[in-house]
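K.L.:
Below is the structure I would like to discuss, written out as structure tokens.
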Amino acid sequence: MPRFLSRDESWRFCDYLDKHIPWTRPTIRVFGRTCLQPRDTCYIADAGLTELVYSGYQPHAYSWDDYPLLKEILEAVHNALPGSKFNSLLLNRYKGGNDYVGWHSDDEKLYGSTPEIASVSFGCEREFFLKKKPSKNSQARRPDDEPVRKRSKMGGDADQHTFVLKHGSLLVMRGYTQRDWIHSVPKRAKAEGLRINLTFRRIIS
Ligand SMILES: O=C(O)CCC(=O)C(=O)O
Ligand SMILES: [Fe+2]
């Protein structure tokens with residue numbers, strides 16, 4: 001949904017979040033190596049839920065009550081996706097084209113087997129790549145940060161997709177997207193500007 005929120009409203013959200021969210025750039029563990037996460041993060045969740053741990057890192061869960069504006073966006077997302085009941089939110093801030101998220105799937109157990117994840121983007125447009133996981137019987141391959149091979153001019157490849165996530169857009173992942181696919185937002189030398197992404201999630205256990 002490229003125009004989920006209006007342009008002006010989205011700039012208001014973007015500026016507010018940039019200034020008022022307690023961003024951190026944590027140290028994480030990826031494939032046994034310790035490194036600085038290549039983007040800023042913050043985490044919001046209802047009280048009493050199972051704590052999120054990813055890449056050996058457990059973010060502090062802030063309260064929705066301290067960020068009425070996030071409640072406003074949550075309500076807009078709920079209205080756009082009838083039946084959804086998100087109870088947690090991971091925020092990412094990409095300060096420029098050097099900030100990225102590497103290939104991963106959001107398949108943590110606490111989200112259940114078919115999580116619905118609603119992703120709202122503000123600021124600089126960035127590419128979002130989806131790539132099919134190698135099938136079980138092919139050799140396990142280490143996910144990396146290589147860009148997805150360019151699609152051929154002849155209709156492309158069903159195993160990979162690219163979306164340009166625009167200012168104020170909403171992207172939804174559901175069903176077996178996390179089980180069967182990995183996704184990434186790669187580095188982009190030409191992407192100068194700040195980007196903020198919100199992924200709303202439902203913790204079920
Ligand atoms: O920034 C994005 O669009 C994606 C972020 C993401 O994949 C995540 O937080 O798990
Ligand atoms: Fe993700």
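Per-residue answers, yes or no, for (1) surrounded by 14 or more Cβ atoms within 10 Å (Cβ to Cβ); (2) touching a Ser or Thr at 6+ places or on another chain (Cβ under 9 Å); (3) closer than 17 Å to Lys95 by Cβ:
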| residue | (1), (2), (3) |
| --- | --- |
| Arg33 | no, no, no |
| Pro38 | yes, no, yes |
| Ser55 | yes, no, no |
| Gln58 | no, no, no |
| Asp65 | no, no, no |
| Leu70 | yes, no, no |
| Ile73 | yes, no, no |
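K.L.:
Within 16 Å of ligand 2 (Cβ to nearest atom), among the acidic types (Asp, Glu) and modelled with pLDDT under 95: does that describe Asp180?
P.N.:
Answer is no for this residue.
K.L.:
Whether any residue in the stretch 142-158 is more than 30 Å from Ile73 (Cβ to Cβ) and at pLDDT 95 or above is what I want to check.
P.N.:
Checked the stretch 142-158: no residue is more than 30 Å from Ile73 (Cβ to Cβ) and at pLDDT 95 or above.
K.L.:
Here is a list of conditions, (1) surrounded by 17 or more Cβ atoms within 10 Å (Cβ to Cβ); (2) under 28 Å from Gly175 (Cβ atoms), and Asn79 meets all of them except one; can you say which number that is?
P.N.:
Unmet for Asn79, out of (1) surrounded by 17 or more Cβ atoms within 10 Å (Cβ to Cβ); (2) under 28 Å from Gly175 (Cβ atoms): (1).
K.L.:
Looking at the stretch 177-191, I want the residues that are free of Cβ contacts under 8 Å to residues at least 60 places away in the same chain and have a partner that is not in a helix (DSSP H, G or I) with Cβ atoms under 6 Å, at least 6 apart or on another chain. Which pairs are those?
P.N.:
Asp180/Lys133
K.L.:
Going by what's in this entry, would Ala80 be described as out of contact with any Lys or Arg (no Cβ under 6 Å at 6 or more places or on another chain), more than 30 Å from Pro134 (Cβ to Cβ) and of a type outside the set (Asp, Glu)?
P.N.:
In short, yes.
K.L.:
Give the residues of the stretch 186-200 that are touching an Asp or Glu at 6+ places or on another chain (Cβ under 7 Å) and closer than 20 Å to Ile44 by Cβ, sorted by residue number.
P.N.:
Hits for the stretch 186-200 are Leu194, Ile196.
K.L.:
How about the stretch 82-106: which of its residues are within 16 Å of ligand 2 (Cβ to nearest atom) and surrounded by fewer than 16 Cβ atoms within 10 Å (Cβ to Cβ)?
P.N.:
Within the stretch 82-106, just His104 meets the criteria.
The values are calculated or read from the model by the stated rules, or taken from the named source; none is laboratory data. Not measured: the values here are computed from a predicted model. No Cβ is skipped: glycine too gets one built from the backbone with ideal geometry, and neighbour counts run over all protein chains shown.
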